[in-house]
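Down below is the structure, laid out as structure tokens.
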């Protein structure tokens, strides 16, 4: 079974204390390695509210952050170009996250499944969140 790459939305729900996500990730972390893209670190840090710095830093210290290398960059560019030909615009961050999953054999955990139309990456079926 693959390790898990957490998309930024999942990390935000965890950091904001959404109890279903907190419990879910804590249980998964006993089975597999949890991590994220360094691009998610940037996204999260840019969106932090005052007073969230310590918890955010502790979270990132506790998970793996998978590096982006040339192979991942090439795969992300390929995703953007190939989907662009189909009339689908991919954000370079999402394409890079998908490429990281594909290249590192990781399962993507996201609530934003529409951002990831790629059929060649594993995606975890996230539990529904009560609103």
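Each value in this text was obtained by applying a stated rule to the coordinates, not by laboratory testing. This one's a predicted model, so the numbers in the text were calculated from it and none came from an experiment. Heads up, the Cβs are rebuilt from the backbone with ideal geometry, glycines too, and the neighbour counts pull from every protein chain shown.
What is the order of 79, 116, fewest Cβ neighbours within 10 Å to most?
Details: 79 24, 116 19.
Neighbour counts put them in this order, fewest first: 116, 79.
Counting other beta carbons within 10 Å of each residue's own, what order do 10, 65 fall into, fewest first?
Working: 10 25, 65 14.
Fewest-to-most Cβ neighbours within 10 Å comes out as 65, 10.
So if I take the centroid of the Cα atoms in region 71-131 and the same for region 25-46, what is the distance between those two points in Å?
16
Using mean Cβ contacts within 10 Å as the protection proxy, how do 11-24, 39-52, 89-102 order, highest first?
On the way: 11-24: 16.2, 39-52: 13.5, 89-102: 21.3.
My ranking of the peptides, most packed first, is 89-102, 11-24, 39-52.
What nm value, rounded to one decimal, do you get for the distance between residue 58 and residue 19 when each label is placed 7 Å out toward the C-beta?
Modelled inter-label distance: 1.9 nm.
Sticking with the crude label model, points 7 Å out along Cα→Cβ, report the distance from residue 92 to residue 69 in nm, one decimal please.
So the label points at residue 92 and residue 69 sit 2.1 nm apart.
Round to the nearest 10 and give me the degree value, 0 to 90, for the angle of helix 70-84's Cα axis relative to the longest principal axis of the chain.
That works out to roughly 70 degrees.
Mind pulling the angle between the C-alpha long axis of helix 19-28 and the longest principal axis of the chain? Nearest 10 degrees, somewhere in 0 to 90.
70
Subtract the Cα-Cα distance of residue 31 and residue 77 from 0.36 nm times their separation in residues, and report this length gain in nm to one decimal. Before the final figure, lay out each step's value.
Working: separation 46, 0.36 × 46 = 16.56 nm, distance 3.20 nm.
Separation in residues times 0.36 nm, less the Cα-Cα distance, equals 13.4 nm.
Given only helices, namely DSSP H runs of n ≥ 4 each adding -39500 (n - 2.57), what is the per-residue ellipticity at 222 nm of the chain, to the nearest 500 deg cm²/dmol?
Values: 6 runs with 66 residues, N = 131.
The per-residue figure over the chain is -15500 deg cm²/dmol.
Using only the alpha carbons of region 1-125, what is the convex hull's orientation-averaged projected area in square nanometres?
Numbers: hull surface 30.4 nm².
Reported value for the Cα convex hull: 7.6 nm².
How far, in degrees from 0 to 90, does helix 38-47 lean away from the longest principal axis of the Cα atoms of the chain, to the nearest 10?
Taking Cα atoms only, the helix is inclined about 50 degrees.
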